[in-house]
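Participant: Before I ask anything, let me first share the structure, which is written out below as structure tokens.
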Amino acid sequence: MLTLDGSTLEGGGQIVRSAVALSAITGEPVKIVNIRAGREKPGLRYQHCAAIEAVAGTCSAQVEGCEVGRNMVVFIPGSIRRKEITVDIGTAGSIPLVLHAWLPVILECGGVITLKGGTEVRFSPTIDYFEHVYAPVLRSHGAVIRTEILNRGYYPRGGGMVRVSVEPSRIVPLDLAAEKCAGDSGICSCSSNLPDHVAFRQAASANSVISNAKMSELPVYYDQRKGFGTGSSVTLWIGYKGACALGKPGLPAEKVGESAARSLIEEVQSEGLVDQYLSDQFLIYLARYGGRYSSSRYTHHARTMVWLLEQFGLVVAVREGPPVEFLNENGS
């Protein structure tokens, strides 16, 4: 059994989510200790337990210690099979981050998951980022993924519901230099208990900032629907680079749009093909299927992921630039 120190490098939930996914994929049992040891609230939180539950549900894993607050978990995987599962995070915990654990495990055999929790959550990509930046990379390399946003759930109440269906897929080596996501765009969302003009003001502010940077305005779509809690979000993307910003009480809608736009401009004007967040999120696919991509920086999360892959015998080469190039010429 492989033992991992969950306080290594970034030392957060990324190690838990990715370790159980890699355990299921490789068949290597894993024991994770010192989980989130340096955090204000150490140990597992609801979102991490949901990620473990989602992966365990795909491979009938034996799990010990999957409880909120625990600092150690044992995960013994079984065989991966196509299943339809439902996981309720129980809080506004991030649905997209749970998907990051589940999706790489289920790609080759397919499956369906319905997740309840937060679609727009602090320190996490939005569900729109997942659908319009993350998933298109996989779709352009062979994945068949369908995402249904049944209900949005804003922090801190959550209550969102997302259903993701995956057909058995054969993924080819990642070659992002030869591909480009179509339809550079954006989505402004807000809960139905807010005035319609909130989303419009977010979009207008975002496009004003983008225009002042001498970039073309982005077509922006609006999504306002009934849900739990009060909140709003802006997600913008150009190719394989995206940016998100969340509204909160007392923060003008214009500031939300401006924040997302400035983050996107910084990414687009930086070297590399993917944004700094996608660079670490896709290392598990690079390790499995081969290929290459580049980003503007070698983030702490990416360094953590490279270390974690090595523990499972999967190697990704890193050429520090700028830009930083991640590559695996062989696949697994």
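The values are calculated or read from the model by the stated rules, or taken from the named source; none is laboratory data. Computed from a predicted structure; not experimentally measured. Neighbour counts run over all protein chains shown; Cβ positions are idealised from the backbone, glycine included.
Participant: Among all residue pairs at least 6 apart or on different chains, which show Cβ distances below 8 Å where the first residue, located in the stretch 29-41, is touching a residue at least 40 places away in the same chain (Cβ under 8 Å) and the second is of a type in the set (S, T, N, Q) and outside any strand (DSSP E or B)?
Facilitator: Note: pairs meeting the criteria are Pro29/Ser23; Val30/Ser23.
Participant: Now for a different question. So which residues in the stretch 223-256 are touching a strand residue (DSSP E or B) at 6+ places or on another chain (Cβ under 8 Å), hydrophobic (A, V, I, L, M, F, W, C), free of Cβ contacts under 8 Å to residues at least 60 places away in the same chain and in a strand (DSSP E or B)?
Facilitator: Listed by number, the residues that qualify are Val234, Leu236, Ala243, Ala245.
Participant: From the residues in the stretch 274-290 that are outside any helix (DSSP H, G or I) and buried (at least 22 other Cβ atoms within 10 Å of the Cβ), which one is nearest to the chain's Cα centre (by Cα)?
Facilitator: Phe282
Participant: Turning to a different aspect of this structure: Kindly evaluate Ala199 against the criterion of being loosely packed, with under 14 Cβ neighbours inside 10 Å and in contact (Cβ under 8 Å) with a residue 40 or more places away in the chain.
Facilitator: no
Participant: Is one or more of the residues making up the stretch 42-53 of a type in the set (A, V, I, L, M), part of a loop (DSSP other than H, G, I, E, B) and farther than 24 Å from Glu108 by Cα?
Facilitator: First, pick out the residues of the stretch 42-53 that are of a type in the set (A, V, I, L, M): 44, 50-52.
If we keep only those that are part of a loop (DSSP other than H, G, I, E, B) too, we end up with 44.
Now drop any that are not farther than 24 Å from Glu108 by Cα, which leaves 44.
Yes, the stretch 42-53 contains a residue that is of a type in the set (A, V, I, L, M), part of a loop (DSSP other than H, G, I, E, B) and farther than 24 Å from Glu108 by Cα.
Participant: In the stretch 21-39, which residues are among the β-branched types (Val, Ile, Thr), touching an Asp or Glu at 6+ places or on another chain (Cβ under 9 Å) and within 19 Å of His301 (Cβ to Cβ)?
Facilitator: Ile32
Participant: Would you check which residues across the stretch 209-236 are over 23 Å from Ser124 (Cβ atoms) and out of contact with any Gly (no Cβ under 8 Å at 6 or more places or on another chain) and list them?
Facilitator: Ile210, Ser211, Asn212, Ala213, Lys214, Met215, Ser216, Glu217
Participant: Could you say whether any residue in the stretch 176-191 is outside the structural domain of Ser259 (by TED's automatic domain parsing) and within 17 Å of Trp102 (Cβ to Cβ)?
Facilitator: So far as the stretch 176-191 goes, no, none of its residues is outside the structural domain of Ser259 (by TED's automatic domain parsing) and within 17 Å of Trp102 (Cβ to Cβ).
Participant: Now, a different point. Considering each of Ser279, Ser263, Ser259 in turn, give the residue that is in contact with a strand residue (DSSP E or B) (Cβ under 8 Å, 6 or more places away or on another chain), under 30 Å from Ser211 (Cα atoms), at pLDDT 95 or above and outside the structural domain of Ser211 (by TED's automatic domain parsing).
Facilitator: Ser279
Participant: Quick check, is Leu97 over 12 Å from the mean Cα position of the chain (by Cα), closer than 20 Å to Ser279 by Cβ, modelled with pLDDT of 95 or more and surrounded by 23 or more Cβ atoms within 10 Å (Cβ to Cβ)?
Facilitator: Numbers: over 12 Å from the mean Cα position of the chain (by Cα): no; closer than 20 Å to Ser279 by Cβ: yes; modelled with pLDDT of 95 or more: yes; surrounded by 23 or more Cβ atoms within 10 Å (Cβ to Cβ): yes.
Criteria not met by Leu97.
Participant: To continue, here is another question. Mind checking whether some residue in the stretch 114-122 is crowded, with 16+ Cβ neighbours inside 10 Å, within 29 Å of Ser294 (Cα to Cα), polar (S, T, N, Q) and in contact with a helix residue (DSSP H, G or I) (Cβ under 6 Å, 6 or more places away or on another chain)?
Facilitator: yes
Participant: Select from the stretch 55-91 the residues that are outside any strand (DSSP E or B), among the polar types (S, T, N, Q) and in contact (Cβ under 8 Å) with a residue 24 or more places away in the chain and list them in ascending order.
Facilitator: Thr58, Asn71, Thr91
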